[in-house]
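For reference, the structure discussed in these notes is given below.
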Amino acid sequence: MIIEPKVRGFICTTSHPEGCKENVRKQIAYIKNHPKCNGPKKVLVIGASTGYGLASRIASTYGCDAATIGVIFDKPASGSRTATAGWYNTAAFETFAAKDGYYAKTINGDAFSMETKQQTIDLIKQDLGQIDFVVYSLAAPKRTTADGTTYTSVLKCTGEDFVNTTVDLKTKEIVEVTVPKATEQEIHDTIKVMGGEDWKDWMTALNEAGVLAENTVTVAYSYIGPELTYPMYHKGTLGAAKAHLLKTAQEMTKEFSNINAYVSVNKALVTQASAAIPVVPLYIAVLYRIMEKKQIHENAIEQIERMYQEKLFVDTPVLDETGQIRMDDWELREDVQSEIKAFWDKLYAHEIPDFSYIDEYWVAFRQLFGFDLPNVDYSKDVDPNVAIPSIQD
C-alpha cells in the first residue's frame with residue numbers, strides 16, 4: 001500500500017515503516033561516528049520506542065556496546081491500519097542491532113502494570129542476570145494502578161488561568177489561548193501518572209528480584225523550559241509531576257544502597273506529547289530556528305550522546321544546584337532566550353510576517369512518524385506488516 005501522513009489536530013494516525021527505519025538508521029550512524037562511551041553494559045529502557053527512550057537505547061547499544069531490553073506499548077499493523085511509529089522504530093532497531101551482533105529484546109505491554117514488570121524481570125534473569133542502567137522515559141495520558149484505579153493527566157495551570165498570544169499552527173493566524181487552572185484532584189492525578197511513583201515501583205521490583213547490579217544508575221527525563229512557558233509547564237500540572245520525579249530520584253538514592261538515581265532536564269523537542277501543550281509548539285518552532293542558526297540545535301540522539309559522554313558516565317556526574325543533569329543548558333542560554341523574547345514582543349504587536357518556521361515545525365512533526373525524510377521513496381508500495389524480531393505473536 002501507499003502510506004501517506006494523516007494528521008488530525010496534533011495526532012498523526014499513520015506511520016511509514018521505511019521512513020521510521022531511516023530515522024533509526026540515521027541515529028545509529030550518528031552514534032557510530034562518535035567515540036565509544038565508558039558506560040553501562042546491560043540496560044533496561046522503559047519507554048524505548050520513540051524520542052529520548054529510543055535515543056537512549058541506541059546510544060547504549062552503539063555507544064557503550066550494551067545489551068538492551070526495551071519496554072514499549074505499541075500496536076502492530078492491522079488490515080489497512082499501519083503500525084504505530086514506535087512499533088516500526090523498534091522493529092528497525094532490533095534488526096540493525098542483530099545484524100551488528102548486539103543483544104536486543106523487547107517487551108510490548110503496559111509499563112505501569114505489575115504483569116509487564118514481572119515479564120521484564122523474568123527476561124533479565126533468563127538472559128542477562130543483572131542490569132546496570134535503567135532509563136525511565138514514559139509519557140502517558142493515563143495510568144491504572146495495582147488496585148484498579150485509573151488516573152488521567154491534564155495539561156493545565158496550577159495558579160490562575162493563563163492567557164497568552166500565540167499562532168495557530170494550522171491556520172497561521174495570531175490567536176489568544178487560555179489555559180485553565182487545574183483542580184487539586186487534577187494536580188494529584190497528573191502526579192500519579194507523570195510523577196515518580198511508577199519509576200520507584202520499577203526500581204523496587206527490580207531490586208527485590210535481585211536483578212540490579214551494584215551501583216546501578218537510573219535516569220528519568222524531565223523538562224523545565226523558559227519563563228515564557230512556566231504557566232503551562234514548569235508551574236503547571238506537568239511541572240508538579242516533574243517536581244515529584246526529582247523528589248523520587250533523591251528518595252531512591254537515599255533508600256537504596258545500590259542505586260544512583262538522576263533526573264535529566266532535557267531540551268524542548270517536537271514530540272506528539274509536546275504538540276498538545278498550548279503555546280509550547282510555537283515556542284519550539286521558534287527555538288529550533290534560532291538554535292539552528294547558532295549551530296547549537298540538538299535532536300534526541302545528539303542530546304543523549306552528549307549527556308552520556310559529558311555529564312552522566314563520567315567520574316563525577318555533572319549536576320546543577322538541585323542535583324539534576326541539565327541538557328537544556330544551550331536552550332536556556334541568554335542569547336537564545338533574548339531572541340525568543342524579541343519574537344514574542346512582535347507577536348503581541350501582531351508584527352510577525354514570516355511563518356516559514358511553522359512549516360519547518362510540521363516537517364519535524366511528520367518525521368516523527370517516518371514521513372518527509374530524504375532517501376525514502378514515498379511513492380513506493382510498502383507492506384505495513386512489519387514484525388519485531390524478539391516479539392512472537
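Between their Cα atoms, which of Lys181/Lys346; Lys6/Lys142; Lys36/Lys142 are more than 32 Å away from each other?
Where the Cα-Cα span goes over 32 Å, the pairs concerned are Lys36/Lys142.
Where does each of 127-139, 57-69 land if you order them by average Cβ count within 10 Å, highest first?
57-69, 127-139
Which of rounded, prolate, oblate describes region 268-393, given a ≥ b ≥ c as roots of the alpha-carbon gyration tensor eigenvalues and a/c under 1.5 marking rounded, otherwise prolate only if a/b is larger than b/c?
oblate
Hey, fewest Cβ within 10 Å first, where do Ile284, Ile296, Ile358 land in order?
Listed from fewest to most nearby Cβ atoms, that is Ile296, Ile358, Ile284.
May I ask you to evaluate 6.51 cos²θ - 1.76 cosθ + 1.60, the Karplus curve with θ = phi - 60°, for each residue of region 287-300 and list the ³J(HN,Hα) values in order in whole Hz, giving x for glycine and proline?
Result, ordered by residue: 4, 4, 4, 5, 5, 5, 4, 8, 6, 10, 5, 10, 8, 4 Hz.
Count the net charge of all other residues whose Cβ sits under 12 Å from the Cβ of Ala275, scoring Lys and Arg as +1 and Asp and Glu as -1.
Around Ala275, the surrounding residues sum to +3.
May I ask you to sort Trp87, Trp202 by Cβ crowding, counting other Cβ atoms within 10 Å and putting the fewest first?
Starting with the residue having the fewest Cβ neighbours, the order is Trp202, Trp87.
Report, in listed order, any pair from Lys192/Lys267; Lys75/Lys156; Lys21/Lys41; Lys32/Lys294 with a Cα-Cα distance greater than 27 Å.
Over 27 Å apart, Cα to Cα: Lys75/Lys156.
How would you classify region 1-159 from its alpha-carbon gyration tensor, with a ≥ b ≥ c the square roots of the eigenvalues: rounded for a/c under 1.5, else prolate if a/b is greater than b/c, otherwise oblate?
oblate
Under 5 Å between amide hydrogens, which residues at least 5 positions from Val167 or on another chain qualify, with H placed 1.01 Å from N in the peptide plane?
Excluding prolines and chain starts, which carry no amide H, the hits are Val175.
So in the chain, what percent of DSSP beta bridges are antiparallel if you round to the nearest 5?
30
For Thr149, Thr216, Thr316, Thr116, what's the fewest-to-most ordering of other Cβ within 10 Å of each Cβ?
The most exposed by this proxy come first: Thr316, Thr149, Thr116, Thr216.
Quick one: Cα centre-to-centre distance for region 326-357 and region 106-179, in angstrom?
28
Which of the GluC sites (Glu not before Pro) found in region 86-162 are in a DSSP loop and have at most 14 neighbouring Cβ atoms, other than their own, within 10 Å?
The qualifying sites are Glu160.
Go through region 259-272 residue by residue and turn each phi into a ³J(HN,Hα) via Karplus (6.51, -1.76, 1.60, θ = phi - 60°); whole Hz please, and just put x for glycine and proline.
With coefficients 6.51, -1.76 and 1.60, one gets 10, 10, 9, 9, 10, 9, 8, 9, 6, 5, 10, 6, 9, 5 Hz.
Stretch Gln272-Lys254 to full length: gain in nm at 0.36 nm per residue minus the Cα-Cα span?
3.0 nm
Given a 10 angstrom Cα cut-off, can you work out which residue in Ala97, Ala249, Ala273 is the most mobile in a GNM of the chain?
In the Gaussian network model the winner is Ala273.
Laboratory data are not the source of any read-out in this text; all were calculated from the coordinates shown. This structure is a prediction, so every number in the text was calculated from the model and none was measured. Neighbour counts run over all protein chains shown; Cβ positions are idealised from the backbone, glycine included.
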